[in-house]
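Worksheet: one structure, shown below.
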Amino acid sequence: MEPVFYVMAILGCGDFKEQCQQARIEPVRYQSAAQCQAAMAQVLPRHTDLSYPTIAATCQRRGEQMARNDAKPRHR
């Protein structure tokens, strides 16, 4: 099973961040959403070549996570 990690999706948006579309995914994997968000200020300037009025980013969770079942079995 693959561990959970975060990637940064680069979004191309209309004016005022309306109607955003995913344009790219950064190749870097982050261990937490907080690490991903902290990197946005340095990553976004590298994507000014996109033809959108506004460029934004969002962190997306990837990988699998096993569901946890704490329920005890019922006995009849």
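The values are calculated or read from the model by the stated rules, or taken from the named source; none is laboratory data. The structure displayed is predicted, hence computed values, not measured ones. Heads up, the Cβs are rebuilt from the backbone with ideal geometry, glycines too, and the neighbour counts pull from every protein chain shown. Protein only, heavy atoms only, side chains kept; ligands, DNA and RNA dropped before computing areas. Shrake-Rupley method; radii C 1.70, N 1.55, O 1.52, S 1.80 Å.
At-a-glance table
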read-out	value
Within the range 24-40, backbone nitrogen closer than 14 Å to the virtual label 7 Å beyond the Cα of V4 toward Cβ	30-35
Accessible carbon and sulfur surface of the range 1-52 relative to its total accessible area, %, 1.4 Å	50
At R0 = 30 Å, FRET efficiency that the Cβ-Cβ distance of Q21 and E64 yields, to 0.05	0.70
Sequence-separation-based contact order of the range 1-64, relative, with Cα cut under 8 Å and 6+ spacing, percent	51
Surrounding net charge for Q35, when Lys and Arg each add one and Asp and Glu each subtract one, Cβ distance under 15 Å	+2
